[in-house]
1. Taking the simple approach of a point 7 Å from Cα along Cα-to-Cβ for both SER244 and LYS300, what is their distance in nm?
2. Using the heavy atoms of the protein chains and a 1.4 angstrom probe, tell me the accessible area per residue for region 288-339 in square angstrom.
3. Taking 0.36 nm per intervening residue step and subtracting the Cα-Cα distance, what contour gain separates ASN321 from LYS47 on full extension?
4. Based on Cβ point charges of +1 for Lys and Arg and -1 for Asp and Glu, what charge dipole magnitude is obtained for region 148-239 about its Cα centre, in debye rounded to the nearest 20?
5. Keeping all protein chains in the complex and leaving out DNA, RNA and ligands, what accessible area do you get for MET350 with a 1.4 Å probe, in Å² to the nearest 10?
6. Sorted by accessible area with a 1.4 angstrom probe, largest first, how do HIS306, HIS206 fall?
7. Provide the gained length on full extension for the span THR181 to PHE76, in nm with one decimal, where the gain is 0.36 nm per separating residue minus the Cα-Cα distance.
8. Per the Kirkwood treatment, what hydrodynamic radius in Å, one decimal, follows for region 233-368 from the mean inverse distance over all distinct Cα pairs?
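The values are calculated or read from the model by the stated rules, or taken from the named source; none is laboratory data. Computed from a predicted structure; not experimentally measured. For neighbour counting, all protein chains shown are included, and Cβ atoms are generated from backbone atoms with ideal geometry for every residue, glycine included. Remember, those area values only see protein heavy atoms, side chains included, never the ligands or the DNA or RNA. Shrake-Rupley method; radii C 1.70, N 1.55, O 1.52, S 1.80 Å.
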Amino acid sequence: MKPDKDAPIYAKGFPYRFPGITYLINQIVYWILAYAFLAVISYLLLKTADLAKTNLPANLIIAVYLGFFNGIATGFADRLFEKRLFHNKSLGVIFIGKAIIYIVVFVILISFVRYTIYPYLLERVFNDNNPITLQSAWDYFFNFLLIYNIVAGLLISFINQVNRKFGPGVLLPLILGRYRTPKEEERIFLFMDLKASTSIAEELGHIKYSSFIRDSFMDINTLVFRYNAQIYQYVGDEIVLTWSARKDRFSLSSIAFFFACKSRFQARSAYYLKQYGQVPKFKAGLHKGLVTAVEVGEIKRDIAYHGDTLNTASRIQGMCNELGKEFLSSMDFLVSSNASQYYRIEALGMVELKGKSHAVEIGGISRK
């Protein structure tokens, strides 16, 4: 799906304009590092034990080869098969299906190395020989590589899942314990809630309604990376997204994201009408401000945000029905982001929000 034409400055960087290519590059880098680590460790172990001759440059070349093609194969499998073949499948089916694909790819790549590339490198390039090319040694080495490949695959899958859950750039701070103590951050929050959810639930029934919500959220998820959003939480038929406010371009990304979701639902309207007889429509509230971020939980860890910013964004979204608008925001945010240059902004004046002691000036957002 192409980006929304009304979003001229949503995340200009390469990773956000080309998420598929970026994901593929990341997988290639992960696998090259994994195999390079294996090559160095194997070299040092063999040299220490003095069990066999080994050639580190040749091993590193093979590591780059294996990492490059294994990264491409697994990256394509994740992006293609999970979206097409494994769409809406159970976690067990996805796991087994991917495992079979990974093993087949690994066997093909490592066999090509065994019979073609490695002997050529040793004999023609390095004028060397290695007992690993002997069948007896190769059988043990193949089993070792297979086990290592499975462990590395699990680790890389874990990294991918964490990046999907928290968004890019969060894993390293999480590992380093940045959020073990509360940290103050300036963030943007978008609360999106399904319109007319009660009547839709009554019409569809709770089972079909749950499928309706699932499909709606899955379509929203397809746009998350492109607009550099992070999914903070799901609450019933509501989804909360957040952006770092450190970079100005993300301000307009948060506005563009809502309209991109509308376009996504319109593009898939035939599917929704066939399955559910209606197309999802969301209302949204947007606000920016200081929050406290902290890692919470022990059995199930997560990053939680606390502060008045979230309450204000939620209350603004709650005013959509009363004011007859689908997308509202605090005027402070709209002015600071210069949103009027790209969107039609309707000032709605000072509004008393539930639970707040002072009124907040809000505005409606629509496409020009």
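1. 2.7
2. On the way: 2440 Å² over 52 residues.
Here the residues of region 288-339 average 47 Å² of exposed surface.
3. Values: separation 274, 0.36 × 274 = 98.64 nm, distance 7.20 nm.
So the chain would gain 91.4 nm between ASN321 and LYS47.
4. On the way: 10 positive and 10 negative charges, 102 e Å.
Using Cβ point charges on Lys, Arg, Asp and Glu, region 148-239 gives about 500 debye.
5. 120
6. Values: HIS306 100, HIS206 140 Å².
Final ranking, largest accessible area leading: HIS206, HIS306.
7. Values: separation 105, 0.36 × 105 = 37.80 nm, distance 3.82 nm.
Going from the current span to full extension adds 34.0 nm.
8. Working: mean 1/r = 0.0612 Å⁻¹.
About 16.3 Å, per the Kirkwood formula over Cα pairs.
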